[in-house]
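As structure tokens, the structure follows; a few thoughts come after it.
The values are calculated or read from the model by the stated rules, or taken from the named source; none is laboratory data. Here the structure is a predicted model, which is why all the values come from computation and not from measurement. Here the Cβ is made from the backbone with ideal geometry for all residues, glycine too, and neighbour counts use every protein chain on show. Accessible surface areas use protein heavy atoms only, side chains included; no ligands, DNA or RNA. Shrake-Rupley method; radii C 1.70, N 1.55, O 1.52, S 1.80 Å.
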Amino acid sequence: MNEDQNLRGKTEREIRQKLLQAIFELRMPPGARLTESVLADAFDVSRTVIRLVIARMTQDGVLVKRPNGATCVASPTRSEISQILRVRRMVEPEIAGDLARSYKKLSFAPIVEHLRKEELARTSGSYGDLVRLTGEFHLHLAELSGNRFLFNLIYQLQALVCLGVVMYTNTEIACPEDEHRQIADSIMSGDDESAAELMVHHLDHVEENILSSSKQHIHFNETLKWLSGE
Ligand SMILES: [Zn+2]
């Protein structure tokens, strides 16, 4: 039983990452309907595994259940994204400040490694990866706080903002270049005031980018073929 759970857990995670990538690259655009049987065939796994994946992603807010029972990729409005970012502005500057205040006790290796990956995705033009990674930066900070309630909150909020980024920005960067590094530098040097302030400005910039740009063209072809590839 343990072996089955481990195997299934690994598969679930891989499938979720692949689906998130498909969503962030707009191969599965907001509003697209997902069915258990088609996904099970595409990934060559049982419908039970797909059901678990869908349940988890629905909990995260990336997928939504329609009243008719259909499961679709969520399509938050600009106003909803604004509300989400308002909540994030209440919480994340506090996280950044707290981390800076305890910088001597923390290990920042995961953050440094993460910034390297972001830079790589930025220079190689892997848009889906970059969107996912820019969200994950904020998750790393929440994780460092050691507070699992904060982590769960930021997990859900950042996933929906990533969706907003792919829906509403034309530029490829919604988390402006270098801002993550500046925030990280302030935290790692113990400058709590500037870490908190930079986080506020950063979330403002993300919101400005989402609210000020026109809607991106959505393409949705060869998705299942792409999903089953590899
Ligand atoms: Zn960011």
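As a test of the formula, what do you get for the chain when each DSSP H run with n ≥ 4 contributes -39,500 (n - 2.57) and the sum is divided by the residue count, at 222 nm and rounded to the nearest 500 deg cm²/dmol? Walk me through the intermediate numbers first.
On the way: 10 runs with 161 residues, N = 230.
It comes out at -23000 deg cm²/dmol, rounded to the nearest 500.
With only alpha-carbon atoms in the gyration tensor, what are the semi-axes of the equivalent ellipsoid for the range 78-212, in Å, largest first? Don't jump to the answer; show the numbers that get you there.
Details: eigenvalues 98, 57, 34 Å².
Working from the Cα gyration tensor, I get semi-axes of 22, 17, 13 Å.
Ranked by accessible surface with a 1.4 Å probe, highest first, in what order do GLU197, GLU118 come? Display every interim value, and only then the final one.
Values: GLU197 110, GLU118 5 Å².
Largest accessible area first, the residues go GLU197, GLU118.
Extending each Cα 7 Å along its Cβ direction at SER102 and SER124, get the distance between those two points in nm, one decimal.
That separation, rounded to one decimal, is 3.4 nm.
If you split all Cα-Cα distances of the chain into 10 Å bins from zero, what percentages do you get per bin, shortest first?
Percent of pairs per bin, in order: 8, 31, 35, 21, 6, 0.
Once both axes come from the Cα atoms, what is the angle between helix 2-24 and the longest principal axis of the chain, in degrees from 0 to 90, rounded to 10?
The angle comes out at about 80 degrees.
Provide the solvent-accessible area of LEU106, counting protein heavy atoms only and rolling a 1.4 Å probe, rounded to the nearest 10 Å².
Surface open to solvent at LEU106 totals about 50 Å².
Under a GNM of the chain (C-alpha, springs under 10 Å), which listed residue has the highest mean-square fluctuation: SER82, SER194, SER46?
SER46
So how many Lys-Lys pairs in the chain land under 29 Å Cα to Cα, not counting same-chain pairs under 8 apart?
Lysine pairs meeting the criterion: 15.
Which one of LYS117, LYS105, LYS65 has the biggest mean-square fluctuation once the chain is modelled by GNM with Cα springs under 10 Å?
Highest fluctuation of the listed residues: LYS105.
If contacts are Cα pairs under 8 angstrom and at least 6 residues apart, what is the relative contact order of the range 78-212 in percent?
Details: 146 pairs, mean separation 58.1, N = 135.
Result for the range 78-212 is 43 percent.
For the chain, take the longest principal axis of its alpha carbons; what is the angle in degrees between that and the long axis of helix 78-101, to the nearest 10 within 0 to 90?
50
Gain in length, SER75 to GLU193, computed as 0.36 nm per residue apart minus the alpha-carbon separation, to one decimal in nm? Could you put the intermediate results ahead of the total?
Details: separation 118, 0.36 × 118 = 42.48 nm, distance 3.51 nm.
Gain in length upon complete extension: 39.0 nm.
Can you give the angle from 0 to 90° between the axis of helix 192-212 and the longest principal axis of the chain, with both taken from C-alpha atoms, to the nearest 10?
40
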